[in-house]
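Below is one structure, written out as structure tokens; comments come after it.
Taken together, the values in this text are just the output of simple stated rules run on the coordinates, not laboratory data. Given the structure is predicted, the values throughout are model-derived calculations rather than measurements. Here the Cβ positions follow ideal geometry from the backbone for every residue, glycine too, while neighbour counts run over all protein chains shown.
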Amino acid sequence: MEDAAIIDLYWARDSRAIGETGAKYGVYLTGIALNLLGLPEDAEECVSDTYLAAWNAMPPERPGILRAFLGKITRNLALDRLKRLRAKKRGGGGPRLIFDELAEVIPGGDRPEAALDRKELVGDIEAFLRAEPERARNMFLRRYWYADSVAAIAVRYGLGENAVSAQLMRTRNKLRRYLTERGYVI
Amino acid sequence: MTGEALFALLGELDEALVDGAEALPERRPARGRFRPALLAAAACAALAILAVAPGLLRAGRDTKGDSMSGGQTAADMSSKPNDVNLQVPNAPGSAADDSATGDRAEDQGFFAVIVSLTPELTVAPAEDSPLWGQAERVVLTMTDRAPAADGMPEDLKPGETVWISCPLEALIRRDGATLEAPTVYGLYRE
């Protein structure tokens, strides 16, 4: 079913919207949730929560890209779940390696987030990524948005894992220099 | 800012930007470009096998019927509408290369990235492979572990790039669907 038709089902409050969403994007959403949460049962609950959130969001929302819209919900819900699990001391470590890699980009872990203009920072990161070659940009997003493993990215792009790690490191370093020039990194 | 906080922040990136990374990477057309050193290594390995263990090679070829459904032959499969005859002028075993190596066309090979090892060996064509752009995934069913007999490393890992010597025509389908390989003659580290 076309995305527009699925969105119409949500707007018509037709419960088939959930089934159609699951049929078309269930695997995609589960992949995101699993990358972040690690356990299939947690991922499954997260995806179910995504359907509920989508149901509550549409209307009034009418997403331009349904897949990314849903993926974003899943990603946010998975991160919230990670925090809850951590608070309950039930794991919730998440993809530590990915977090560690990103910690190099804007060092100073104790710097209050409130001190940063989030919207401006996001805009600057978007501008940086848009200026990157397509492959480097997409590999960065696969790793730091979709939380794909290096091995999965290597297969996706037909490269060795070392080549992927090296490319990601180059992009991170470049992003850090870019943000330094703009005063985000002191 | 902690790595986790930045990771969360990236969730606010433009959806179109994010969705662009979901599309499968553009596949380049087969370039027929091989690395000379690798070619030499593969040729040496093939010659060594031919010289030392001709029986093993015959055993490998005898597995054709076992690993294809319905008793198909490699020729049958290559004549399917979805099949494509790969033109790799400089590939080992290609018509252009026969005089140098004495190999037959079916002894061509390709670079591949190991995707999974069980229950079959599933590979994806590597960027330097003549199969790049021709097939997304190839499943090699090794019923008799013939590739091991031909020198397949025992400690392969997903993500590793290898050279696979096999009859290409039987492997390639334009729609990218997986296909059993009738025979794999050799599998070597890049």
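Some points to look at:
- Relative packing of A:65-71, A:173-179, which averages over residues the other C-beta atoms within 10 Å, highest first: A:65-71, A:173-179
- Each Lys and Arg adds +1 at its Cβ and each Asp and Glu adds -1 at its Cβ; summed about the Cα centre, region A:3-87 shows a dipole of about 280 debye.
- With contacts taken as Cα pairs under 8 Å and at least 6 residues apart, chain A reaches a relative contact order of 19 percent.
- Computed over chain A, Kirkwood Rh from alpha-carbon pairs, angstrom: 18.1 Å
- Simple rule: put +1 on each Lys or Arg Cβ and -1 on each Asp or Glu Cβ in region A:3-87, find the dipole, and look at A:31, A:54, A:77; the Cα lying farthest toward the positive end is A:77.
- Computed over region A:3-87, the Cα gyration tensor eigenvalues convert (square root of 5λ each) into semi-axes of 23, 12, 10 Å, ordered from largest to smallest.
- Counted by Cβ distance under 12 Å from residue A:128, the other residues give a net charge of +3, where Lys and Arg count +1 and Asp and Glu count -1.
- Shielding by partners - mean other protein chain Cβ count within 10 Å, residues of A:124-132: 3
- Difference of contour (0.36 nm per residue) and Cα-Cα distance, residue A:174 to residue A:83: 29.8 nm
- For chain A, adding -39500 (n - 2.57) for each run of n ≥ 4 DSSP H residues and dividing by the number of residues yields -23500 deg cm²/dmol at 222 nm.
- Projecting the Cα atoms of A:178, A:102, A:155 onto the charge dipole of region A:96-181, computed from C-beta unit charges around the Cα centre, puts A:155 farthest toward the positive end.
- Averaging 1/r across all pairs of distinct Cα atoms in region A:96-181 and inverting the result yields a Kirkwood radius of 13.6 Å.
- Electrostatic dipole magnitude of chain A [Cβ: Lys, Arg +1; Asp, Glu -1; Cα centre; debye, to 20]: 460 debye
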